[in-house]
Amino acid sequence: MPPDQPRTAEWIDRDFGAYHAMVRPNKIACIAFKTGERISYADLHLRADRAAWAINRLAGDVRGKAVGYLARNSVDYLAFVLACYRTGAVLQPLNWRLSATELEVILLDCGPGLVVYDEEFEGPLLEAMKALPDARAMTTDAFEAEAAAVPSTPFAPAAMGPDAPFILLYT
């Protein structure tokens, strides 16, 4: 965490990953039951920073703009959620059970500039994304490679007001 990061109640409410990385860095933040992977708050904080830098590099300034994610639950998904928050993006989690037609309706409504997806969902997603020729889609593996390539420097959270949207859920 950057030393100049304000430690106010508002900041704590806004980024639980950064807060817990500061006060309990070595405690377990997440356990992926499928793989057994365990990640500390400090490691989650670092992954979220790298993911934020990758989102910034791939999609530019995403403050107030949708960024989609179509994948099964994982530690990397949690880091991506925090990264969206840090960049000011509006997280658009996409349900992997939806058909291409259903995904297209959602994507046309929210208009994400970037969608990250697990390769197993490539068919329906890429079919749906034909309606969004300017949007960028990439696999979670490709995104993780981008995130691994950025420097391990803190990502300064985007300046967002308390009423800024963070997540757009379709039910």
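The values are calculated or read from the model by the stated rules, or taken from the named source; none is laboratory data. All values derive from a computational prediction rather than experimental measurement. So basically every Cβ, Gly included, is an ideal-geometry build from the backbone, and we count neighbours across all protein chains shown. These accessible areas exclude ligands, DNA and RNA; they are computed on the full protein's heavy atoms, side chains included. Shrake-Rupley method; radii C 1.70, N 1.55, O 1.52, S 1.80 Å.
Tabulated values for the structure
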| quantity | calculated |
| --- | --- |
| Residue among A51, A128, A135, A71 that is open to solvent by less than 40 Å² (accessible area, probe 1.4 Å) and within 24 Å of G161 (Cα to Cα) | A51 |
| Those residues of the range 57-67 which are under 11 Å from the mean Cα position of the chain (by Cα) and either open to solvent by 30 Å² or more (accessible area, probe 1.4 Å) or touching a residue at least 60 places away in the same chain (Cβ under 8 Å) (or both), in sequence order | A66 |
| Residue match in the range 18-37 (condition: of a type outside the set (V, I, T), more than 22 Å from T153 (Cα to Cα), at pLDDT 95 or above and not in a strand (DSSP E or B)) | no |
| Any hit, the range 163-171, residues being under 16 Å from A52 (Cβ atoms), at pLDDT below 95, open to solvent by 30 Å² or more (accessible area, probe 1.4 Å) and hydroxyl-bearing (S, T, Y) | no |
| Inter-residue pairs, beta-carbon under 9 Å, first farther than 20 Å from P151 by Cα and in the range 34-49, second small (G, A, S), 6+ apart | K34/S74; T35/S74; E37/S74; R38/A29; R38/A32 |
| Residue match in the range 88-111 (condition: under 27 Å from A42 (Cβ atoms), aromatic (F, W, Y) and open to solvent by 20 Å² or more (accessible area, probe 1.4 Å)) | no |
| Hey, F121 at pLDDT 95 or above, more than 14 Å from I55 (Cα to Cα) and aromatic (F, W, Y) or not | yes |
| Residues of the range 143-157 classified as surrounded by 15 or more Cβ atoms within 10 Å (Cβ to Cβ) and either aromatic (F, W, Y) or over 14 Å from the mean Cα position of the chain (by Cα) (or both), total | 4 |
| Residue count, the range 28-43 (criterion: surrounded by 18 or more Cβ atoms within 10 Å (Cβ to Cβ) and out of contact with any helix residue (DSSP H, G or I) (no Cβ under 9 Å at 6 or more places or on another chain)) | 0 |
